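The values are calculated or read from the model by the stated rules, or taken from the named source; none is laboratory data. Computed from a predicted model, the values in this text were never measured in an experiment. Counting neighbours? That spans all protein chains shown, and the Cβs are built from the backbone with ideal geometry, glycine included. These area figures cover heavy atoms from the full protein model, side chains too; ligands, DNA and RNA do not enter into them. Shrake-Rupley method; radii C 1.70, N 1.55, O 1.52, S 1.80 Å.
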Amino acid sequence: MRATDARRRARTDAVAISAGIELQLSQTIAAAETLGALAKYNGGLATNFQQIAGELLAARPALASLELQSSGVVRAIVPWAGNERAIGANVFRDPPRRLGANMAIQKRTLTVAGPLRLYGGELGISAMAP
């Protein structure tokens, strides 16, 4: 009986954890798609990036940060606090990020890479829209 209860609890815990991961992944992809579309329809620029990224982060609490890259170089990041060192980082010179960035460009589609260490120091995933 104890073994059955332990398996049931483990299964319940696994379902809860996987639901949390699915939510985080969904929020990550939705934000990357939104910013990617914004940049695409503005000639590669994301006008009002700071405001839009702030709203996306507020609506998606699972996200740690959002960044804007040009030619693989981080040009802006929200929130700024704790992520300052990200500005100027080149994803093509960063092995954990390079594979996902190259795939996004080659396939012309959103890609997800990770787990990797985020610029703020926490472990996470990165979604990149070309």
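Some observations on this one:
- Structure-based [θ]222 nm, the chain - -39500 (n - 2.57) summed over DSSP H runs of at least 4, per residue, nearest 500: -17000 deg cm²/dmol
- Under a 5 Å amide H cut-off, with hydrogens placed 1.01 Å from N, GLN69 pairs with ARG75 among residues at least 5 apart or on other chains.
- Once the C-beta distance of VAL112 and ARG8 is scaled by a Förster radius of 30 Å, the resulting FRET efficiency is 0.40 to the nearest 0.05.
- Whole-angstrom gap from region 86-110 to region 20-81, using each part's C-alpha centre: 15
- Relative contact order of region 1-101, taken over Cα pairs closer than 8 Å and 6 or more residues apart, is 15 percent.
- For the chain, the Cβ-based charge dipole about the Cα centre amounts to some 440 debye (Lys, Arg positive; Asp, Glu negative; other atoms uncharged).
- Candidate values (1) 44, 31, 22; (2) 35, 33, 28; (3) 62, 30, 28, label of the one derived for Cα extents along the principal axes in Å: (3)
- Degrees, to the nearest 10: 49-59 long Cα axis against longest axis of the chain: 10
- Most to least packed among 19-29, 68-78 [average Cβ atoms within 10 Å]: 68-78, 19-29
- Crossing angle, helix 2-40 versus the chain [Cα axis fit, 0-90 degrees, rounded to tens]: 10
- With every protein chain in place, the chain: carbon and sulfur % of accessible area (1.4 Å): 56
- Accessible surface for the chain, divided over its residues, is 64 Å² per residue with a 1.4 Å probe.
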